[in-house]
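S.K.: Encoded as structure tokens, here's the structure I'll be asking about.
The values are calculated or read from the model by the stated rules, or taken from the named source; none is laboratory data. It should be emphasised that the depicted structure is a prediction, and the values quoted were computed from it without experimental measurement. As a convention, Cβ positions derive from the backbone with ideal geometry for all residues, glycine included, and neighbour counts pool all protein chains shown. To get the accessible areas, we keep the full protein, side chains included, count just its heavy atoms, and leave off ligands, DNA and RNA. Shrake-Rupley method; radii C 1.70, N 1.55, O 1.52, S 1.80 Å.
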Amino acid sequence: MVNSCPRGPVQPQHYNGPVTFAPRDRPAYFDHNATSPPDPRVVEAMVPWLGRAANASAVHAWGQAARDAVERARAEVAELLATEPAQVVLTGSATEANNTVLASCGRLAGHEGRIVVSAVEHPSVLRPAERLAADGMELVTAPCDGAGRVAAEALLAAAGTGTRLVALMLANNEVGTLQPVGRVAEVCRERGVPVLCDAVQAVGRLPVSPAALGVDYLTVSAHKLGGPQGVGALWIRRGAPLEPLLLGGRQERRRRAGTEPVAAVVGFGVAAALARTEGVARRSRCEALRSRLEAGVERLGGRVHAATAPRLPNTTHLAFPGVVAADLLIRLDLAGFAVSNGSACAAGATAPSHVLAAMGLEPREAAGSIRVSLGPGNDETEVDALLAALGRESAALGVRPAVEEVR
Ligand SMILES: Cc1ncc(COP(=O)(O)O)c(C=O)c1O
């Protein structure tokens, strides 16, 4: 079962400290922003390719079949993005796609000029931007408000003459806040400044068209939309320059060297097709489940961050007063619920997340925040079970419900 708890019966002795263990709860996965389990139809389509010789650059029949499969998948990804297949470069991940654009920009600019990034970008944008700064470029970070939203005008004020790239994500992975990418791209286009949009969390959850947004580069990850891990995509506006990051063979029209992982690419294509045909239904389902969850959290005395900002339909970021997220997370894990204390990439780090810090949350408040990210497999029973577990475990950690249960 895709959504069942991977460990089977939980072994409480793996954890330190007193914990409550509630094996009666139905296990449920609520960490789709970290990774979303592949749809069974995706797995089914991939399996034959795992057992086959499949180098899409080879001229023999095996190679041609692989090429055909790769191009069909690329066409599905392109259709999801309402674009042309030739504009889609398959990569090993969105991290690679983001790194490619930043490194390319640095090389093309001779490591001179300015890069503007938002404060809430994913580390796969921030770290390469810092490397460009170490190589001599000026790095400007545009702030966000208390809901994690970057003000377009403030960002644009920094993106004047000499700016070689602006990076603004479409939806934040931690809080889900949507960013004013269209407005920023419109002005940047007039100024001749290229824009990179990391659309990893939005693609498959909202309709995304890079051409309509007006950006120059847009990045996607298969495993956030029900596809496999190990494959992503970089969309490039026609005519936008790109220096490849990986050098070697002539794959991907010389824009990304390396044998295409055919099974993973096929899975990506199926996931993209499903996101296109089932996206609207998934979205309204997620929104309804999230409203149910957030109403329940507030009854329990919890607080929802960025609730009034435009957000992804599947993401909720919440806190219970006085509760350390790591404690709540472990208790929920033992009860069979997967949630996150922020971005998976920052999990395990002791410093507060850079996103919550940019939103102005005090370190104490940031350390108390958890992210629940829903996906197509979740249902009302699971949400109600999570609410019951949140009530029980937050009460064990000293939280009093806002609304006492009527007995
Ligand atoms: C917003 C965002 N960008 C980029 C990435 C990196 O994606 P990948 O796992 O494909 O490298 C993630 C993954 O968490 C993400 O949330």
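S.K.: So which residues in region 301-318 are touching a Ser or Thr at 6+ places or on another chain (Cβ under 6 Å) and not in a strand (DSSP E or B), if there are any at all?
M.R.: ALA306, ALA309, ASN314
S.K.: Find all pairs meeting these conditions: Cβ atoms under 6 angstrom apart; at least six residues apart or on different chains; first residue within region 211-223 and under 10 Å from ALA271 (Cβ atoms); second residue outside any strand (DSSP E or B) and among the aromatic types (Phe, Trp, Tyr).
M.R.: Once the first residue is under 10 Å from ALA271 (Cβ atoms) and sits in region 211-223, its partners that are outside any strand (DSSP E or B) and among the aromatic types (Phe, Trp, Tyr) give ALA222/PHE268.
S.K.: OK, next. So which of GLU243, GLU186 ends up being surrounded by fewer than 24 Cβ atoms within 10 Å (Cβ to Cβ) and touching a Gly at 6+ places or on another chain (Cβ under 7 Å)?
M.R.: GLU186
S.K.: For region 59-85, name all the residues that are under 17 Å from ASP216 (Cα atoms) and open to solvent by 40 Å² or more (accessible area, probe 1.4 Å).
M.R.: Those that are under 17 Å from ASP216 (Cα atoms) and open to solvent by 40 Å² or more (accessible area, probe 1.4 Å): ALA82, GLU84, PRO85.
S.K.: Let me ask something additional. For region 152-173, give me the residue count where each residue is within 12 Å of the ligand (Cβ to nearest atom) and small (Gly, Ala, Ser).
M.R.: Residues meeting the conditions: 2.
S.K.: Would you point out which residue out of ARG283, ARG256 is modelled with pLDDT of 95 or more and open to solvent by 60 Å² or more (accessible area, probe 1.4 Å)?
M.R.: Among ARG283, ARG256, only ARG283 is modelled with pLDDT of 95 or more and open to solvent by 60 Å² or more (accessible area, probe 1.4 Å).
S.K.: From GLY301, GLY258, GLY322, GLY267, grab the single residue that is in contact with a Pro (Cβ under 7 Å, 6 or more places away or on another chain) and at positive phi.
M.R.: Within the list GLY301, GLY258, GLY322, GLY267, the selection yields GLY301.
S.K.: Let me ask something else. On the basis of being among the acidic types (Asp, Glu) and in contact (Cβ under 8 Å) with a residue 40 or more places away in the chain, does GLU287 make the cut?
M.R.: It is false that GLU287 is among the acidic types (Asp, Glu) and in contact (Cβ under 8 Å) with a residue 40 or more places away in the chain.
S.K.: Taking region 209-237 as the region of interest, how many residues are closer than 20 Å to LEU178 by Cβ and either crowded, with 24+ Cβ neighbours inside 10 Å or within 11 Å of the ligand (Cβ to nearest atom) (or both)?
M.R.: Total satisfying the criteria: 11.
S.K.: Need a quick list: helices (runs of 4 or more DSSP H) entirely within region 30-139 having at least 1 residues that are closer than 26 Å to ALA154 by Cα.
M.R.: Fully inside region 30-139 and qualifying: 94-108, 123-134.
S.K.: Consider GLY249 carefully, then state whether it is small (Gly, Ala, Ser), out of contact with any Leu (no Cβ under 6 Å at 6 or more places or on another chain) and crowded, with 19+ Cβ neighbours inside 10 Å.
M.R.: The answer is no for GLY249.
S.K.: Could you tell me whether GLY176 is open to solvent by less than 60 Å² (accessible area, probe 1.4 Å), on the phi > 0 side of the Ramachandran plot, out of contact with any helix residue (DSSP H, G or I) (no Cβ under 7 Å at 6 or more places or on another chain) and within 16 Å of the ligand (Cβ to nearest atom)?
M.R.: yes
S.K.: Just name the residue that is nearest to TRP62 (Cα to Cα) out of those in region 247-266 that are hydrophobic (A, V, I, L, M, F, W, C) and part of a loop (DSSP other than H, G, I, E, B).
M.R.: Going through the qualifying residues, I end up with ALA257.
S.K.: A further question on this structure: Out of all the residues in region 92-102, is one or more within 16 Å of the ligand (Cβ to nearest atom), under 21 Å from the mean Cα position of the chain (by Cα), open to solvent by less than 10 Å² (accessible area, probe 1.4 Å) and over 12 Å from LEU196 (Cβ atoms)?
M.R.: no
S.K.: Which of the numbered conditions does GLY113 fail, given that it passes all the others? Conditions: (1) open to solvent by less than 40 Å² (accessible area, probe 1.4 Å); (2) within 14 Å of the ligand (Cβ to nearest atom).
M.R.: (2)
S.K.: Show the residue pairs that are 6+ apart or on different chains and have beta-carbon atoms under 7 Å apart, the first residue being within region 175-204 and farther than 17 Å from GLY239 by Cβ and not assigned by TED's automatic domain parsing to the domain that holds LYS224, the second being open to solvent by 20 Å² or more (accessible area, probe 1.4 Å) and assigned to a loop (DSSP other than H, G, I, E, B).
M.R.: From region 175-204, no pairs qualify.
S.K.: Would you check which residues across region 267-301 are farther than 29 Å from ALA73 by Cβ and small (Gly, Ala, Ser) and list them?
M.R.: Within region 267-301, ALA288, SER291, ALA295, GLY296, GLY301 meet the criteria.
S.K.: Tell me, yes or no, whether region 381-394 has at least one residue that is within 16 Å of the ligand (Cβ to nearest atom), modelled with pLDDT of 95 or more and assigned by TED's automatic domain parsing to the domain that holds THR35.
M.R.: no
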